[in-house]
Amino acid sequence: MNSSPMLLKNRFASLPLLKRLSVPAMATAVAVLLAACQTTPPAPTATTQPPARPAAQPGPAMRAASFAQLPGWNGDDLREAWPALQSSCSVLIRRSEWRAACGAAQQVNAADPGLLRSYFETYFTPWQLFNPDGTDTGLVTGYYEPLLKGSRRRVGPYQTPLYQAPDDLLTIDLAGVYPELKNLRLRGKVVGRKVVPYPTRAELMQANSLAGKEIVWVDDPVEAFFLQVQGSGRVYLPESKETIRVAYADQNGRPYKSIGRYLVDKGEMELSQASAQNIKAWVQANPARKEELLNANPSYVFFREEKLPDPSKGPKGAQGIPLTPQRSIAIDPQHVPLGAPVFLSTTLPNSDRPLQRLVVAQDTGGAIRGVVRADYFWGFGDEAEDKAGSMKQRGAMWVLLPKGMNPPGGN
């Protein structure tokens, strides 16, 4: 969800030119970007294509709860969530409000479930999340790390490129001037003395303007599209018998639009049928309309190549640390603090069987918007793909914050 998850890094190669612009010109450039490039938060592995969004909303409605109110709290094996918490604490311990809780975590015997439960109940307060309309449930989707087959050369079936970020992609962070735009980015490129929106997916493909930026070539354009939706993945190279990871690097600033929704709006399938599996089947049945469908999403994601020293570890999320399968989620950082433990109460895909467990908010995604909203990281492999592709459940969420820490929005 990232995609992609997945940390954005500002690209200021063209910034000196921006500094030479007059104030009116700069204002015009920013207005153009705000209108057409969209403002975007750091993206994850998962979920990597930021949609249009309004100005920052006030913090979520959070209400203090007790651990006794968390459904399934006593039945969860917290040992499975502990590595994810420890990873996040390696970042959060630098913050004063997290120092005591994360420091204490280093002294806990992680093999004892009872001690782990006591740790959380001693150092944290659960805060239940509520939507602006007062409801306490929201959408819980799933994402995974896909595996594609590729080549370093454009040969045979390997005809679809995965690109690294282009040199002319400009990312502007305005938070230093406008604090209310924290976590928001503007993307475009400089043409003459103007900053203009970066091209859409269709425009990039038609112009072939990314030539020379190929990382690898893969054998399936639809799988490549879903790799961009997930935000990161692995590519097996038969010629060298090597598996690499392609991680989220950047995005063209265009809003993410669901191709499943496009098919629903065109009357090609019902909303309940709009899963990744059914979309792939539709493309197989309608090959002449493949480009029409893929170009319905103007967003385009760029990658960077990474080594894969430990295949058991997930891709890096928005905190810059590896995700933990089935214990990491992507959230909207406007409403849920990145790195915080979250107790999630939902159901398994296409089922009413409960999925109630402690997870950690370690990723973000362009399609993950709202208060009670989560994208559940299933991991790597065929089973993870099947579950992620069919997961569209309702769920409730409780954010665990260190005792004494004020929740976002001051609720």
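Derivation of every value follows stated rules applied to the coordinates shown; laboratory data play no part. As the structure is a computational prediction, the values presented were derived from the model and not from experiment. Virtual Cβ from ideal backbone geometry, glycine too; neighbours counted across all protein chains shown.
Plugging the Kirkwood radius over Cα pairs into Stokes-Einstein for segment 265-353, at a temperature of 20 °C and a viscosity of 1.002 mPa s, what D comes out in µm²/s?
Working: Rh = 17.3 Å.
For the chosen part, D equals 124 µm²/s.
Show me, for segment 365-374, the HN-Hα J-couplings you get by feeding each phi into the Karplus relation (A = 6.51, B = -1.76, C = 1.60, θ = phi - 60°), rounded to Hz, glycine and proline as x.
My calculation for segment 365-374 gives x, x, 8, 9, 10, x, 7, 8, 8, 8 Hz in order.
In nanometres, what is the gap between the two model label sites at ASN208 and ALA111, each 7 Å from Cα along Cα-to-Cβ?
So the label points at ASN208 and ALA111 sit 6.2 nm apart.
Strictly greater than 24 Å: what percent of every Cα pair in segment 273-411 meets that?
Working: 3975 of 9591 pairs.
The share of Cα pairs beyond 24 Å in segment 273-411 comes to 41 percent.
Tabulate in residue order the Karplus-calculated ³J(HN,Hα) for segment 189-206, using 6.51 cos²θ - 1.76 cosθ + 1.60 with θ = phi - 60°, rounded to whole Hz; enter x for Gly and Pro.
The phi angles translate into 8, 8, 10, x, 10, 10, 9, 10, x, 6, x, 6, 3, 4, 5, 5, 5, 5 Hz.
Of the cross-linked pairs LYS257/LYS280; LYS189/LYS307; LYS280/LYS316; LYS316/LYS387, which ones have a Cα-Cα span greater than 25 Å in the structure shown? Display every interim value, and only then the final one.
Numbers: LYS257/LYS280 17 Å; LYS189/LYS307 30 Å; LYS280/LYS316 27 Å; LYS316/LYS387 20 Å.
Those over the limit are LYS189/LYS307; LYS280/LYS316.
Can you give the local net charge around PRO315? Use residues other than it whose beta-carbon is closer than 10 angstrom to its beta-carbon, Lys and Arg +1, Asp and Glu -1. Working shown, then result.
Working: positive: ARG234, ARG245, LYS313, LYS316; negative: GLU145, GLU306, ASP363.
Cβ neighbours under 10 Å give a net charge of +1.
Provide the net charge surrounding GLY339, with neighbours chosen by a C-beta distance below 15 Å and charges set as Lys +1, Arg +1, Asp -1, Glu -1. Provide the component values of the computation, followed by the final result.
Working: positive: ARG94, ARG95, ARG99, LYS316, ARG327; negative: GLU97, ASP332, ASP363.
Charge balance in the 15 Å sphere: +2.
For segment 152-302, what is the charge dipole size about the Cα centre, in debye to the nearest 20, if Lys and Arg each add +1 at the Cβ and Asp and Glu each add -1 at the Cβ? Kindly include the intermediate steps, with their values, before the conclusion.
Details: 21 positive and 17 negative charges, 55 e Å.
For segment 152-302, the charge dipole is close to 260 debye.
For segment 57-182, build the charge dipole from Cβ charges (+1 Lys, Arg; -1 Asp, Glu) around the Cα centre, then report which of VAL155, PRO113, TRP82 sits farthest towards its positive end.
Farthest towards the positive pole: VAL155.
Name the residues of segment 116-130 whose amide N is less than 13 Å from a point 7 angstrom out from the Cα of SER66 along the C-beta direction?
Backbone N within reach: 126.
What does the C-alpha gyration tensor say about the overall shape of segment 94-171? Classify as rounded when a/c is under 1.5, otherwise prolate if a/b is larger than b/c, or oblate.
Note, shape of segment 94-171 comes out prolate.
How do 395-407, 221-233 rank on mean C-beta neighbours within 10 Å, highest first?
Values: 395-407: 19.8, 221-233: 24.5.
So the peptides 395-407, 221-233, ranked by packing, come out 221-233, 395-407.
Over segment 261-363, what is the percentage of antiparallel beta bridges among all DSSP beta bridges, to the nearest 5? Intermediate results must be reported in sequence, preceding the final value.
Values: 8 of 11 bridges.
Of those bridges, close to 75 percent are antiparallel.
Return the long-range amide H neighbours of LYS392 (sequence gap of 5 or more, or a different chain), with a cut-off of under 5 Å between placed amide H atoms.
Under 5 Å from the amide H of LYS392: ASN350.
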